[in-house]
Amino acid sequence: MRIAAIYDNHGNYCALKAVLEEVRKSNVDEVIVGGDLAWGSEQRQVMDLLMN
């Protein structure tokens with residue numbers, strides 16, 4: 001099983017989008033997201049992207 005762990009995004013939508021694209025290309029089975037996701041200027045976009 002391949003697992004990706006994402007932490008400390010700090011509300012950076014563009015960076016998260018790029019990371020998730022790499023995760024998709026890597027055939028990861030599970031993504032674990034933790035810590036400091038919505039402390040930044042693009043909080044809403046970050047949370048919407050993660051929830052989808």
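What do you reckon, is VAL33 surrounded by 10 or more Cβ atoms within 10 Å (Cβ to Cβ), part of a strand (DSSP E or B), on the phi < 0 side of the Ramachandran plot and among the aliphatic types (A, V, I, L, M)?
Against the criterion (surrounded by 10 or more Cβ atoms within 10 Å (Cβ to Cβ), part of a strand (DSSP E or B), on the phi < 0 side of the Ramachandran plot and among the aliphatic types (A, V, I, L, M)), VAL33 qualifies.
Out of everything in region 2-29 that is in contact with a Gly (Cβ under 8 Å, 6 or more places away or on another chain) and small (Gly, Ala, Ser), what residue ends up being modelled with the lowest pLDDT?
The extreme case among them is GLY11.
Give the residues of region 1-44 that are polar (S, T, N, Q) and within 11 Å of the chain's Cα centre (by Cα), sorted by residue number.
ASN9, ASN12, listed by residue number.
The rows are residues; the columns are (1) surrounded by 14 or more Cβ atoms within 10 Å (Cβ to Cβ); (2) of a type in the set (Asp, Glu); (3) assigned to a strand (DSSP E or B); (4) without any contact (Cβ under 8 Å) to a residue 12 or more places away in the chain.
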position	(1), (2), (3), (4)
MET1	no, no, no, no
ILE6	yes, no, yes, no
LEU20	yes, no, no, no
VAL28	yes, no, no, no
LEU37	yes, no, no, no
ARG44	no, no, no, yes
MET47	yes, no, no, yes
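The values are calculated or read from the model by the stated rules, or taken from the named source; none is laboratory data. Since the structure is predicted, the reported quantities are computational estimates derived from the model, not experimental observations. Positions of Cβ are generated from backbone atoms using ideal geometry, with glycine treated the same way; all protein chains shown enter the neighbour counts.
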